[in-house]
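J.: Shown below is the structure under consideration.
The values are calculated or read from the model by the stated rules, or taken from the named source; none is laboratory data. Computed from a predicted model, the values in this text were never measured in an experiment. Please note: Cβ atoms are built from the backbone with ideal geometry, for glycine as well, and neighbour counts cover all protein chains shown.
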Amino acid sequence: MVSDPGLYERLALRRVHDGGIAKSAGVYLDHGRPTPGYLADLFDQLIWTGCATVAEGDRIWGLRRVSLTESGRARYAEQCEQERAPGHHCAPVAGPTQTPAGCRSSAPRITAPGSQSAPTS
């Protein structure tokens, strides 16, 4: 049993912040893998409350990228600030890097110590 009621919200915010969440046919994917049901409900809640948004669908695959809104980034930063303690670090809060054409940049992102990045290719 989880004693921290905000834990799952923080997990959902972090996953969206890290940039790997997409939605296809009502299913949320994290770097191509289906997410647990309890997180899918939280992703929906983040969208309904305006903390996250879903992009237009990809024509071929039907994938729609989920990203944090300004409100979601502020909420994530607030939660990271509340969690800060010796030895605990949150990933920096910033929007995705954009190229002049509006596409995500392949520039490396800074991640939290101990976290793993997914392959970019």
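J.: Scan region 17-44 for residues that are free of Cβ contacts under 8 Å to residues at least 24 places away in the same chain and on the phi < 0 side of the Ramachandran plot and jot them down.
T.: Filtering region 17-44 down to residues free of Cβ contacts under 8 Å to residues at least 24 places away in the same chain leaves 26-27, 30, 32-37, 40-41, 44.
The answer is Val27, Asp30, Arg33, Pro34, Thr35, Pro36, Gly37, Ala40, Asp41, Asp44.
J.: Considering only region 30-61, how many residues are farther than 18 Å from Tyr8 by Cβ and either among the β-branched types (Val, Ile, Thr) or crowded, with 16+ Cβ neighbours inside 10 Å (or both)?
T.: 3
J.: Oh, and also: Give the number of residues within region 32-47 that are modelled with pLDDT of 90 or more and under 16 Å from Gly57 (Cα atoms).
T.: Residues flagged as modelled with pLDDT of 90 or more and under 16 Å from Gly57 (Cα atoms) within region 32-47 amount to 1.
J.: Which residues, taken from region 24-51, are under 12 Å from the mean Cα position of the chain (by Cα) and either among the basic types (Lys, Arg) or in a strand (DSSP E or B) (or both)?
T.: Hits for region 24-51 are Tyr28, Leu29, Asp30.
J.: Can you name the condition, by its number, that Ser105 falls short on among (1) at pLDDT below 50; (2) surrounded by 14 or more Cβ atoms within 10 Å (Cβ to Cβ)?
T.: Going through the list (1) at pLDDT below 50; (2) surrounded by 14 or more Cβ atoms within 10 Å (Cβ to Cβ), Ser105 breaks only (2).
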